[in-house]
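All remarks here apply to the structure that follows.
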Amino acid sequence: MPRPAAGTPHNGLVTDLLELCADLPLERVSAGEVLVREGEPPSRLLVLVSGTVTVERDGTPFARIAFPGAIFGEMSWILDKTATATARATTDVSVRVVDDPETFFSQRPGAALAVLQMTAARLDGLTQYLVDVKRQFAGSDDHLAMVDRILDTLVHHQAPRPRTGSARDPEGQHEGH
């Protein structure tokens, strides 16, 4: 796989994803504008080329992302549910636009693998954080004792079976056909 252009730091999977999107439309977003809005239905994916994005939920910022190749909107699309957070340009931002995620991932399985690995890394980081919190408040009888229940729910949660259909074929393929 080709290396990033001079001056672009190589940060593993996200840079690989950026390289896989190099031929997609480039959109420029001004500081303060929203890239993905919490509560909106899934549509397109955005891959950060440059700039800084703040991610917030219910108006509370919880992440600042500034590395080229970061993706936004993937959770909403993959889970087929409204966006769980807002991604807002902190600075002027450039993003590659994936207007048809299903076709994009079907035609570029390396991109799907990169997103899967990034998502797994995020989940692993969150799990490590929750375990640390659990250790800090072990034996607590107050509201912090709910960390145990939260961890149990996260560890044992099994998502519903994915739908096989798409916008073009709502029925999808069924066994026996």
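Taking strands (runs of 3 or more DSSP E) as the structural unit, those lying wholly within segment 60-142 and holding at least 1 residues that are among the aromatic types (Phe, Trp, Tyr) correspond to 60-65. Residues of segment 19-66 that are under 15 Å from residue 94 (Cβ atoms), surrounded by 13 or more Cβ atoms within 10 Å (Cβ to Cβ) and polar (S, T, N, Q): 50, 52. The residues on offer are 127, 153, 164, 84, and the sole one that is among the polar types (S, T, N, Q), within 17 Å of the chain's Cα centre (by Cα) and modelled with pLDDT under 90 is 127.
Rundown of residues vs (1) modelled with pLDDT of 95 or more; (2) part of a helix (DSSP H, G or I), yes/no style:
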residue: 5; (1), (2): no, no
residue: 14; (1), (2): no, yes
residue: 19; (1), (2): no, yes
residue: 31; (1), (2): yes, no
residue: 38; (1), (2): yes, no
residue: 41; (1), (2): no, no
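Annotation note: Cβ proximity below 6 Å between a residue of segment 114-132 that is closer than 19 Å to residue 152 by Cβ and a residue that is among the hydrophobic types (A, V, I, L, M, F, W, C) and surrounded by 11 or more Cβ atoms within 10 Å (Cβ to Cβ) (sequence gap 6+ or interchain) occurs for 130/151.
The values are calculated or read from the model by the stated rules, or taken from the named source; none is laboratory data. Predicted model, so just to flag it, every value in this text is computed and none were measured. With ideal geometry, Cβ positions are generated from the backbone for all residues, glycine too; neighbour counts draw on all protein chains shown.
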